[in-house]
Amino acid sequence: MELRARGWWLLCAAAALVACARGDPASKSRSCSEVRQIYGAKGFSLSDVPQAEISGEHLRICPQGYTCCTSEMEENLANRSRAELETALRDSSRVLQAMLATQLRSFDDHFQHLLNDSERTLQGTFPGAFGELYTQNTKAFRDLYAELRLYYRGANLHLEETLAEFWARLLERLFKQLHPQLLLPDDYLDCLGKQAEALRPFGEAPRELRLRATRAFVAARSFVQGLGVASDVVRKVAQVPLGPECSRAVMKLVYCAHCLGVPGARPCPDYCRNVLKGCLANQADLDAEWRNLLDSMVLITDKFWGTSGVESVIGSVHTWLAEAINALQDNRDTLTAKVIQGCGNPKVNPQGSGPEEKRRRGKLAPRERPPSGALEKLVSEAKAQLRDVQDFWISLPGTLCSEKMALSTASDDRCWNGMARGRYLPEVMGDGLANQINNPEVEVDITKPDMTIRQQIMQLKIMTNRLRSAYNGNDVDFQDASDDGSGSGSGDGCPDDRCGRGASRKSSSSRTPLTHALPGLSEQEGQKTSAASCLQPPTFLLPFLLSLALTVAGPRWR
C-alpha cells in the first residue's frame, strides 16, 4: 500500500513537471516580457500583447499551444516576415544588379572611347591629308560615325547596308570633285553607282571594313546587351511577390518560436533551406538559362582580340577610310576611262576648272592597334565576376538562410524545427519547381509556374541565341519578348524617319533592335535606338515560344 502511494506521488510530480514545461494551466503562466520586447522593437503597439501566456486555439499559422501571441500579433508578424524576406531578396538582387551595371558602364565607356578616338583622329588628320576631298564631305564622315554608334547601341540598322550606302554617297561626291571640268547629272551618277561593285573604286578597303567591322561591332554590342538583359532579368524577378503559402511558412520559420515561448530558439539550418527552396522554387528554374547566358558572354570575349577583334577594328575605322580615298586617287584615270566606257562621255562643264593634278595622300595609322591593357583588365574582371554569380539563383536559399535568418549554431536537438525546440528530421528538397512536390514546409503547386519568371527565362534564351550567333560573326534578328516591353532605358516607337528608312532598303535581312538599351543614353539617343514596333516578330523565336508553352503547361504535357 505504501509502495502504491509512493508511485502515485511520483506520477503526479512527473505530470506537474510536464505541465510546467508545456505551459499547462495547472502551472503558473509564464511571462511574455521577452515577446513584448521583441514585438515592440519591430514597431508594433504593445497594447495587445498579453502579460502572460494565453490559450492558443486562435492561432492559424503557429502550433496551437499556450502562446504569447494574439491573432492580430500573428497576422502582423506574418506580414512582417514576408516583407523582411522580400527585402532580403531585393537586397541580394541589388548587389548583383550593381555589379552588372558597373561592368556595363565600363565596357560601354571603353567601346565608345575606341570609336570616339578614331573619329577624333580622322577629324585631326584628314583636312591636312586630303584637303577639300575631306572638308567638303565632313557631314558624310560624321554621319557614318553617328550610325556606327547607333548600331552599337542597338538601333534598327543593318550595318552592311549602312556601310554600302556610305561608300555609294562618298563615291558620287568624290568623283565629282575629282572631275570639276565635267557635267555629271544624277542619271550619270546612277550609272556610276551601278558599276561601282565591279569597278571597286576604293580598292579592298570597303570589303575589309565590312567584314571586320561587322564581326567587331556585333561582338561588342551583343556583349553589352547581354549585361543589360541579365541586369533586367534580375530586376524583374526581384519584383515577383511571395505567395500566401510561402508567407505562412516564413512566419512559422521566423516568429512562431517567439509566440510559443522559446524566442531564443533559432531555426534549424535544413528547416530554413526547405522553407526557402519552396518559396524560391520558380527563381531556381532560371538556373539553366542563366548559366547558358553567362557562359556565352564569357565566350564572346574571345572575339575582342586579333586583327578582326573589337580592340583593333573599332578604334581604327579611320584607317580604312584613308586607305579608300588613297585608292580612289591612285586609280582615278583608270576608273574614269572605265566609267566613260560604261556610261558614255559626259558633257564638259564650261564653268568648271581643269582636273586637279595635285594629289594628297593620307598617312595611314597602324592597322593593328597595340592593346592598351584596359580591355584585357576589364575582360579578366568580368569573367571572374560572371563565374562567381553563375549559381546565384540556386544558391539563394542557402545564402539567405546563412546571412539573414540567424540560423542556430547549437546542436541539432536545440534548434527551432517549426514545432518545438528539437532535431529537424525531413530531408532537404532539391532545386526548382518540380522538386517541391513533397516539400514538408511549403505547399507548392508545381503545375502553376510563375509567368513573370517564365518570361524572363525566355529573355535569357533569346539573348543567349544572339550571343552564340555573334560568336560566329552573325547578327541575328532580335526582338524583346518581355512582358511589358520595357528595358533599361528603352525608347518607344519609331521616332524621326528611322522606320521609313529601314523599310525602304531593299533587303530581306532588316534588323529589329534590342530594346534593352544601354543605361546612360540621352533621351534623344535612347529614342533613336528603339524601333521595335516597325517589324513583325522574327521567325527564329518560334521554337522558343513552343518551349515556353510546354514549360507553362507543366510536366504533364512533356
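The values are calculated or read from the model by the stated rules, or taken from the named source; none is laboratory data. Worth saying up front: this structure is predicted, and the values here are computed from it rather than measured. Backbone-built Cβ (ideal geometry, glycine too); neighbour counts: all protein chains shown. Ligands, DNA and RNA are stripped out before the accessible areas are found, and what is left, the full protein with its side chains, is counted by its heavy atoms. Shrake-Rupley method; radii C 1.70, N 1.55, O 1.52, S 1.80 Å.
List of remarks:
- Entries in K42/K448; K236/K377; K277/K448; K139/K194; K277/K377; K139/K377 that, when Cα-Cα distance is taken, lie over 27 Å: K42/K448; K236/K377; K277/K377; K139/K377
- Global form of the stretch 232-361, assessed from the alpha-carbon gyration tensor, a/c cut-off 1.5: prolate
- Overall form of the stretch 112-168 per C-alpha gyration tensor (a/c, 1.5; a/b vs b/c): oblate
- Tensor-based shape of the stretch 77-172 (alpha-carbon gyration tensor, a/c under 1.5 rounded, otherwise prolate or oblate): prolate
- Only protein heavy atoms count here; on that basis, with a 1.4 Å probe, D48 has an accessible area of about 70 Å².
- Heavy-atom accessible area order for T399, T307, largest first, 1.4 Å probe: T307, T399
- Computed over protein heavy atoms with a 1.4 angstrom probe, the accessible surface ordering of M99, M297, largest first, is M99, M297.
- Ranking by accessible area, most exposed first, for V348, V275 with a 1.4 Å probe: V348, V275
- Value of Rg/Rh across the stretch 251-307 [Cα atoms, Kirkwood radius]: 1.40
- Percent carbon-and-sulfur accessible area, the stretch 87-162, ignoring ligands, DNA and RNA, probe 1.4 Å: 51 percent
- Computed magnitude of the charge dipole of the stretch 69-221 (debye, nearest 20; Cβ of K, R +1, Cβ of D, E -1): 480 debye
- Separation between Cα centres of the stretch 153-183 and the stretch 230-261, rounded to whole Å: 60 Å
- Measuring with a 1.4 angstrom probe and ignoring ligands and nucleic acids, W305 comes out at about 100 Å² accessible.
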